[in-house]
1. For M137, M29, what's the fewest-to-most ordering of other Cβ within 10 Å of each Cβ?
2. When H33, H90 are ordered from fewest to most other Cβ atoms inside 10 Å of their Cβ, what list results?
3. Please report, in debye to the nearest 20, how large the charge dipole of the range 23-186 is about its Cα centre when each Lys and Arg carries +1 at its beta carbon and each Asp and Glu carries -1 there.
4. Would you work out the relative contact order for the chain, in percent, from Cα pairs under 8 angstrom that are 6 or more residues apart?
5. Which of L69, I153, T130 sits closest to the plus end of the dipole of the chain, meaning its Cα is farthest towards the positive end, when Lys and Arg get +1 and Asp and Glu get -1 on the C-beta?
6. Looking at the range 17-100, which trypsin sites (Lys or Arg not before Pro) are in a loop (DSSP not H, G, I, E or B) and have at most 16 other Cβ atoms within 10 Å?
7. Could you rank the peptides 41-47, 99-105 by their average count of other C-beta atoms within 10 Å per residue, with the highest value first?
8. If I histogram all Cα-Cα distances within the range 23-186 using bins 10 Å wide from 0, what percent of pairs lands in each bin?
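Each value in this text was obtained by applying a stated rule to the coordinates, not by laboratory testing. Just so you know, these numbers come straight off a predicted model, no measurement behind them. Cβ sites come from the backbone with ideal geometry, for glycine too, and all protein chains shown count toward neighbours.
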Amino acid sequence: MAGRNAAGGRSGFKIYLFWAILALPVPWMALSHLRDRKFDLVLWTGDIAGWLLIVTLCITPLLLLFGPLPGLKISRRYLGVASCLYTLLHLGIWLVHVSPRAVLQSFVRPGVLPGWLALAILLPLALTSTDAAVARMGTGWKRLQRWVYAAVILSALHWLLVTENLAMAILSFAPLAGLSLWRFWRNQRRYGRSG
Ligand code: HEM
């Protein structure tokens, strides 16, 4: 079916367009940095990776709240992979600016260690996000994907501990925190009563 073909046709075009939109911050950040050397690429790539992860996790509660919204379920996977790619960019840019000694020390820095741990979770999740991996792993795939909740908690910890703009970090996580509380309350009402 044309509408279901991920590699070609109309849906293939939509996927490329979606990836092109997700990639837009890259030339914007590069140009901003060329114009103003004080434009901090580590901070911005970190912010974008964090926001993408937050949006990825907001999708399930939004689907529960508003019902099936076209394209939202499938975009969840791409957004998660994009978050991992921006994290790798964040890490790559940071690595070229610091000494090997600072890299070693980062593993015992309470603010940075959660970032490393979050990446260690995000990487296998991104690598197993292809249709082939989903089919091959069966029910194990869902179990593995649940680790994304640990990744977002570690990312939040990392963000809150390293940022100088605490208000922005809190505001960024507020929608996800609100939706998660609502989901918890909904599950309590639904399943708590029968238990
Ligand atoms: C791979 C391991 C990681 C390392 C080594 C790392 C390193 C850093 C460092 C050193 C900073 C502070 C930069 C500065 O103060 O100039 C930072 C900030 C940040 N990182 Fe990471 N990070 C990692 C993973 C992550 C992950 C997984 C996320 C989220 C998905 C993330 C999101 C952020 C955010 C949002 C900031 C703060 C930006 C701000 O203050 O606006 N980082 N990171």
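1. Neighbour counts put them in this order, fewest first: M137, M29.
2. Values: H33 15, H90 22.
Exposure proxy ranking, most exposed first: H33, H90.
3. That gives the range 23-186 a dipole magnitude of about 440 debye.
4. Numbers: 139 pairs, mean separation 38.3, N = 195.
It rounds to 20 percent for the chain.
5. Comparing the listed Cα positions along the dipole, L69 ranks first.
6. Listed in order of number, the matching sites are R37, K38.
7. 41-47, 99-105
8. 9, 35, 36, 16, 3, 0
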